[in-house]
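Enquirer: Take a look at this one; I'll ask things after.
The values are calculated or read from the model by the stated rules, or taken from the named source; none is laboratory data. None of the values given here were measured: they were computed from a predicted structure. Backbone-built Cβ (ideal geometry, glycine too); neighbour counts: all protein chains shown. The area values use the complete protein model at the heavy-atom level, side chains included, leaving out ligands, DNA and RNA. Shrake-Rupley method; radii C 1.70, N 1.55, O 1.52, S 1.80 Å.
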Amino acid sequence: MTPDRALRASIAAATGLALVFGPAAGIAMADQAVAVDTVFDRSVGLQGVQNARDVGGYRTVDGRVVRTGLVYRTGQLDKATPADLASLGERGVRVVDDLRTGYERAVAPERVPAGAVGNWNDVIGHAPPQTLVTTLTGGDDLYRAFVTAPGANAAFAAVLRDVIEIRDGAVLYHCTAGKDRTGWATAVLLTLLGVDRATVTEDYLLSNRYRNAGPDDPLNGVRSEWLDAAFDQVNRTYGGFDAYARDGLGLTDADLAALKGKMLA
């Protein structure tokens, strides 16, 4: 076993997460294959909720590890079974942040585990109509709107503040498919914690695996160029990710220190 795999094995033993060392079939669209040799199989294993997984387990560029059991990402919870909700409760989920529009919430009403508080943080509900049309199909314009749309920064910042401020329990955030708005929220969180860009992209593309997305399937899958568009928009609008965190998301140095202190081992 290589030293890198030995480290991952020791982390797995400590966290209870299974490791995947080999290639996995159906992991992504044809031109977006992701090697899972470097990531955990972090599925939460819910019956009625798609794309449910733990955000933790990744290593940062300075050698620390993102703690597991503190932040979860999923698709919409309207079809969560009683067993699903009980499982989330057992995992300590105490805050559920819904990133969907009002229309999406009306069509698929929110469900939260017993003892959890539900928050509504609409990412693109105030965006131009052409952006709303692409909500279910991804694309560069949608991802750029995650940075520029009215209310988007406040929505993503609210999720991060929940992660920082909750003292006892875990935070779960979701959109409809758990891949676009939720994907960007996760990319932002992992980047703030110091996870390298390649690993952030790998995690993002895992939505293709967990949603069984085939080639050229924008409804169910994601593409790396969409995530690249959001990061590019961060640079265009703010001049860099640090400025985006400060001026776009409104996070102070103290906020970032608290986030890292909580999430990194």
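Enquirer: Within 27 Å of Arg64 (Cα to Cα), charged (D, E, K, R) and modelled with pLDDT of 95 or more: does that describe Asp203? Don't jump to the end; show me each part of the working.
Expert: On the way: within 27 Å of Arg64 (Cα to Cα): yes; charged (D, E, K, R): yes; modelled with pLDDT of 95 or more: yes.
Here the answer is yes, as Asp203 does meet what is asked.
Enquirer: I've got another one for you. Across region 102-119, what is the total count of residues that are in a loop (DSSP other than H, G, I, E, B), over 12 Å from Gln76 (Cα atoms) and either open to solvent by less than 50 Å² (accessible area, probe 1.4 Å) or among the acidic types (Asp, Glu) (or both)? Before the answer, list the steps.
Expert: Of all residues in region 102-119, those in a loop (DSSP other than H, G, I, E, B) come to 108-116.
If we keep only those that are over 12 Å from Gln76 (Cα atoms) as well, we get 113-116.
Subset that is either open to solvent by less than 50 Å² (accessible area, probe 1.4 Å) or among the acidic types (Asp, Glu) (or both): 113, 116.
Of the residues in that region, 2 qualify.
Enquirer: Among the listed residues Trp184, Trp226, identify the single one that is open to solvent by 10 Å² or more (accessible area, probe 1.4 Å), within 18 Å of the chain's Cα centre (by Cα) and not charged (D, E, K, R). If you could, list the steps in order and put the result at the bottom.
Expert: Details: Trp184 fails: open to solvent by 10 Å² or more (accessible area, probe 1.4 Å).
None of the other options fit; the residue is Trp226.
Enquirer: Is there any pair linking a residue in region 76-89 that is open to solvent by 20 Å² or more (accessible area, probe 1.4 Å) to one that is outside any helix (DSSP H, G or I) and β-branched (Val, Ile, Thr), with Cβ under 6 Å and at least six apart or on different chains, and which?
Expert: Gln76/Thr176
Enquirer: Do we have Ala245 as over 17 Å from Phe156 (Cα atoms) and modelled with pLDDT of 95 or more here? Don't jump to the end; show me each part of the working.
Expert: On the way: over 17 Å from Phe156 (Cα atoms): no; modelled with pLDDT of 95 or more: yes.
Considered against the rule, which asks whether it is over 17 Å from Phe156 (Cα atoms) and modelled with pLDDT of 95 or more, Ala245 comes out as no.
Enquirer: Separate question: Scan region 90-101 for residues that are free of Cβ contacts under 8 Å to residues at least 60 places away in the same chain and open to solvent by 40 Å² or more (accessible area, probe 1.4 Å) and jot them down.
Expert: Going through region 90-101, the residues free of Cβ contacts under 8 Å to residues at least 60 places away in the same chain turn out to be 90, 101.
Passing the criteria: only Glu90.
Enquirer: Additional query: Does any residue of region 204-223 turn out to be in a helix (DSSP H, G or I) and either acidic (Asp, Glu) or over 15 Å from the mean Cα position of the chain (by Cα) (or both)? Quick ask: steps written out before the conclusion?
Expert: So in region 204-223, the residues in a helix (DSSP H, G or I) come out as 204-210.
Filter once more, keeping what is either acidic (Asp, Glu) or over 15 Å from the mean Cα position of the chain (by Cα) (or both): none.
Scanning region 204-223 turns up no residue that is in a helix (DSSP H, G or I) and either acidic (Asp, Glu) or over 15 Å from the mean Cα position of the chain (by Cα) (or both).
Enquirer: Across region 155-182, what is the number of residues that are assigned to a helix (DSSP H, G or I), of a type in the set (Gly, Ala, Ser) and in contact (Cβ under 8 Å) with a residue 60 or more places away in the chain?
Expert: Keep residues of region 155-182 that are assigned to a helix (DSSP H, G or I), which gives 155-165, 181-182.
Adding the requirement that they be of a type in the set (Gly, Ala, Ser) leaves 155, 157-158.
Filter once more, keeping what is in contact (Cβ under 8 Å) with a residue 60 or more places away in the chain: 157-158.
Number of matching residues: 2.
Enquirer: Then there's this: For region 239-265, give me the residue count where each residue is of a type outside the set (A, V, I, L, M, F, W, C), open to solvent by 60 Å² or more (accessible area, probe 1.4 Å) and not in a loop (DSSP other than H, G, I, E, B). Explain how you work it out, then say what you get.
Expert: Restricting attention to region 239-265, the residues satisfying the condition of being of a type outside the set (A, V, I, L, M, F, W, C) are 239-240, 242, 244, 246-248, 250, 252-253, 255, 260-262.
Next cut, open to solvent by 60 Å² or more (accessible area, probe 1.4 Å) only: 239, 242, 246-247, 252-253, 260.
After this cut, where a residue has to be not in a loop (DSSP other than H, G, I, E, B) as well, the list is 242, 246-247, 253, 260.
Of the residues in region 239-265, 5 are of a type outside the set (A, V, I, L, M, F, W, C), open to solvent by 60 Å² or more (accessible area, probe 1.4 Å) and not in a loop (DSSP other than H, G, I, E, B).
Enquirer: Next question, about the same structure. Which members of region 219-243 meet the condition of being among the hydroxyl-bearing types (Ser, Thr, Tyr) and within 26 Å of Gly75 (Cα to Cα)?
Expert: Of all residues in region 219-243, those among the hydroxyl-bearing types (Ser, Thr, Tyr) come to 224, 237-238.
Ser224, the sole residue that qualifies.
Enquirer: Count, please, the residues in region 46-75 that happen to be small (Gly, Ala, Ser), surrounded by fewer than 19 Cβ atoms within 10 Å (Cβ to Cβ) and touching a residue at least 24 places away in the same chain (Cβ under 8 Å). If you could, list the steps in order and put the result at the bottom.
Expert: Within region 46-75, the first condition is being small (Gly, Ala, Ser), and the residues that meet it are 48, 52, 56-57, 63, 69, 75.
Imposing the further condition that a residue be surrounded by fewer than 19 Cβ atoms within 10 Å (Cβ to Cβ) reduces the set to 48, 63, 69.
Keeping just the survivors that are touching a residue at least 24 places away in the same chain (Cβ under 8 Å) gives 48, 69.
Matching residues across region 46-75 total 2.
Enquirer: Given the conditions (1) buried (at least 17 other Cβ atoms within 10 Å of the Cβ); (2) under 18 Å from Ala230 (Cβ atoms); (3) out of contact with any Leu (no Cβ under 7 Å at 6 or more places or on another chain), which single one is not true for Cys175?
Expert: It is condition (3) that Cys175 fails.
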